[in-house]
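This report concerns only the one structure given below.
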Amino acid sequence: MSSLFKIPIQQLNGVGSRRAELFHKLGVDTVGTLLHFYPRAYEDWSHPYRIADAPTDNMCCIKANIEGAYPPARIRGNMTIFKLDVCDGYDRMTVTFFNQKYTYDKLKNGGEFLFYGTLKHNFSLYEMASPTVLPADVGEGIHPVYPQTANLTSRQIESAVRQAIAMLPEKINDPVPENILDKFGLCSLDFAIRNVHFPKDENSLLSARKRLAFEELLILQLGMVQIKGGRKKATTHQIQKDYSDEFFSFLPFSPTNAQKKAVSECVSDMMNQPSPMNRLVQGDVGSGKTAVAAAVCYTAVKNGLQCAFMAPTEILAAQHFKTLSELFDGTDVNVGLLTGSVTAAKKRKIYENLKDGSIDIIIGTHALISENVEFKKLGLVVTDEQHRFGVAQRSTLIEKGDSPHILVMSATPIPRTLALMIFGDLDLSILDELPPGRQKVETFLIDGSKRQRAYGFLKKHIDNGNQCYIVCPLVEQNETNLASAKEYVERLKKTFLGSYRIALLHGKMKPSEKDNIMSEFSAGNIDILISTTVIEVGVDVPNATVMMIENSERFGLSQLHQLRGRVGRGKNKSYCILVSDIQKESSLERLRVMCKTNDGFKIADEDLRLRGPGDFFGSRQHGLPELKIADISSMTLLEETQTAAKMILEKDPDLSLKEHQGLKFETKRLFSKVGTSGQLQ
Ligand code: ADP
Ligand code: MG
């Protein structure tokens, strides 16, 4: 099979350099990749209907004879209608084509054909417009529908795939070892490839897809394990004593039971286990993850370890730095902040203090993974909003220590299946309890015609001494109708809200400007903060009570939930106003989920259900390669592939055995696309 990845697609009949260019756009350059270019759907032509029995208004296949052809009718300068009458022996149907003279000429001489299209039934007339047509003797079966690009049709792809399949060697090397195929009842690769493209029947299709999805997930997991450094190492940083109660006494509030439980799970991971902690703490926005991380850091530091705490944005890093510095004020714990905007001189000092061990906890952004950063004894790595870091970034920080404990915090409640996929083999703590007194953020969905009324609502809150956010998707107007943050400020200044203190915050600002604005907002010196999504993660200003989100249909539900989490953090009742002029019912349905629930886990599941796993996180965000056939919301398959990956790695941790060369090859191929292949051995 691997040799087919060396044969350029041009070797196939009908694929010249121009068509090869089109295939390239689809990510297909070789015969091998073409075989792994799977249909996105199938048309079932295997049981053609009689006209009267066929479902109307749905795609279906009808078998009928040509009865007669009408003369072509030119309706506009460039539009000709071709009509034919067909009959299945009982009923008649009119078939219409637009500008398809070629098809018409083929049909008008009569014969039996299959027509695949949408059947309309008006009064006693049956009609089908622009169906796909194949001769009855060759057309029956299940037909693949490929993802297309302009000028390359599904049929053209199909014809190339047929040739590629004919090139399959007699015996193809199956990357999945035989014992795994047997154990999980999977079909062979040869069968899978033939049937994923041209299924014999529905069952063959199902087993083909299952087998390919299995392989894809298996390879993904093997790759992840290898990136992460593989087998569990023995811990080098076992701690002796639990200091979390001492830490809790520094807090201005008492920790929730969920927080206490999460902290004690972490401490026990660091204290009693043969291998280092590898734990994901998931908690809805506002569940108090920062305090959990701080408690764990404190315990680690008191046991002589250094901690690195990585956050995705400068604003968030600065905020964590402030929180932790205040908490540890009066203790001997030394906290540092390292972000891109720290001056070179200060950076040098920090590098020095990390190396000599005088900084105990370093909080920072990606700047932490700079090669200048060296630790004396890095024993704990905490990452906040972890899904925003790529696989490679995570491992770079971890490699700065000698198998440090790892604590991952995710504020986007990730459905468990996805969490397993992204983070692999880690333990899970869930903060399923909010601190007392938290109120539900009341959420409304409005269209633009009610914007003025919404402004009135904001005004009331500001007059009451509270503050508001308005979120716009973009900084500058580069798409029509999209509220741009900059223009928005100008427009808002002309309304009755113009007399209030308005400021703009966006991602293209210098970090120092951003910090400035955030601290002004935090201090209550700004009434309305107009912002792009830079405030999405973690920012904590309890006095803000209203958030208005323009073009809310542009956001994913989990993202909206994150944004909404910026309000409702204080004692006052808080509100979120989603503005959208979209008419599409499915989009509205999505937004209404926000009005119905405040439960981030429910929202994440809904998001997954409505948008599909592909969209849940862009692959760029979580650093996973894009999956072509596996559906990561399939828990069973995920668990099976995890078991399989374990079996394989126990026997052959580096995939060096001969029987695993296929898997190794495929792992490299999958990860080469996300640019982490350098990390794979
Ligand atoms: P998130 O889980 O979203 O990161 P934070 O750690 O930012 O949440 O906490 C949100 C707010 O709740 C902060 O102002 C924090 O001080 C406060 N908080 C955290 N834990 C508690 C608690 N047990 N009781 C009261 N307030 C708490
Ligand atoms: Mg947080």
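Checked across the range 28-37, the condition of being buried (at least 16 other Cβ atoms within 10 Å of the Cβ), at pLDDT below 90 and in a loop (DSSP other than H, G, I, E, B) holds for no residue. Applying the condition of being more than 31 Å from the chain's Cα centre (by Cα) and not aliphatic (A, V, I, L, M) to the range 304-313 and asking which residue is farthest from ligand 1 (Cβ to nearest atom) yields Gly304. Residue check: is Arg566 modelled with pLDDT of 85 or more, among the basic types (Lys, Arg) and touching a helix residue (DSSP H, G or I) at 6+ places or on another chain (Cβ under 7 Å)? Judged against the criteria, Arg566 is a match. In summary, Lys289 fulfils each of the numbered conditions (1) charged (D, E, K, R); (2) modelled with pLDDT of 90 or more; (3) more than 13 Å from ligand 2 (Cβ to nearest atom); (4) under 33 Å from the mean Cα position of the chain (by Cα) with the single exception of condition (3).
Looking across Val301, Val296, one residue alone is within 16 Å of ligand 1 (Cβ to nearest atom), at pLDDT 95 or above and either of a type outside the set (A, V, I, L, M, F, W, C) or under 16 Å from Leu380 (Cα atoms) (or both). It is Val296. Tallying residues that are within 16 Å of ligand 2 (Cβ to nearest atom), surrounded by fewer than 21 Cβ atoms within 10 Å (Cβ to Cβ) and under 22 Å from Pro404 (Cα atoms) within the range 241-279 yields 0. Taking the conditions exactly as written (in contact with a Lys or Arg (Cβ under 9 Å, 6 or more places away or on another chain), over 22 Å from Asp515 (Cβ atoms) and crowded, with 22+ Cβ neighbours inside 10 Å), does Val381 satisfy them or not? Considered against the rule, which asks whether it is in contact with a Lys or Arg (Cβ under 9 Å, 6 or more places away or on another chain), over 22 Å from Asp515 (Cβ atoms) and crowded, with 22+ Cβ neighbours inside 10 Å, Val381 comes out as yes. Evaluate the following for Glu585: is it away from ligand 2 (no atom under 16 Å from the Cβ) and either farther than 20 Å from Ala485 by Cα or in contact with a Lys or Arg (Cβ under 7 Å, 6 or more places away or on another chain) (or both)? Against the criterion (away from ligand 2 (no atom under 16 Å from the Cβ) and either farther than 20 Å from Ala485 by Cα or in contact with a Lys or Arg (Cβ under 7 Å, 6 or more places away or on another chain) (or both)), Glu585 qualifies.
Of the conditions (1) outside any loop (DSSP other than H, G, I, E, B); (2) closer than 17 Å to Met128 by Cβ; (3) under 49 Å from the mean Cα position of the chain (by Cα), Pro55 satisfies every one except a single condition; which number is it? So the condition that Pro55 fails would be (1). Restricting attention to the range 317-331 and to residues that are under 15 Å from Pro511 (Cα atoms) and touching a residue at least 60 places away in the same chain (Cβ under 8 Å), the residue that is nearest to ligand 1 (Cβ to nearest atom) turns out to be Gln319.
One line per residue, one yes/no per condition, for (1) touching a residue at least 24 places away in the same chain (Cβ under 8 Å); (2) within 16 Å of ligand 1 (Cβ to nearest atom):
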| residue | (1), (2) |
| --- | --- |
| Ile315 | yes, yes |
| Gly340 | yes, no |
| Lys347 | yes, no |
| Glu371 | no, no |
| Glu374 | yes, no |
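At least 1 residues being modelled with pLDDT of 85 or more and more than 21 Å from Glu553 (Cα to Cα) is the threshold, and among the helices (runs of 4 or more DSSP H) wholly inside the range 596-679 those reaching it are 635-651, 661-672.
Give the residue that is nearest to Ile62 (Cα to Cα), with candidates limited to residues of the range 130-181 that are part of a loop (DSSP other than H, G, I, E, B) and among the β-branched types (Val, Ile, Thr). So, considering only residues that are part of a loop (DSSP other than H, G, I, E, B) and among the β-branched types (Val, Ile, Thr), the one nearest to Ile62 (Cα to Cα) is Thr153.
The values are calculated or read from the model by the stated rules, or taken from the named source; none is laboratory data. If you're wondering where the values come from, they're calculated on a predicted model, not measured in any experiment. Note that each Cβ is placed from the backbone with ideal geometry, even for glycine, and that neighbours are counted across all protein chains shown.
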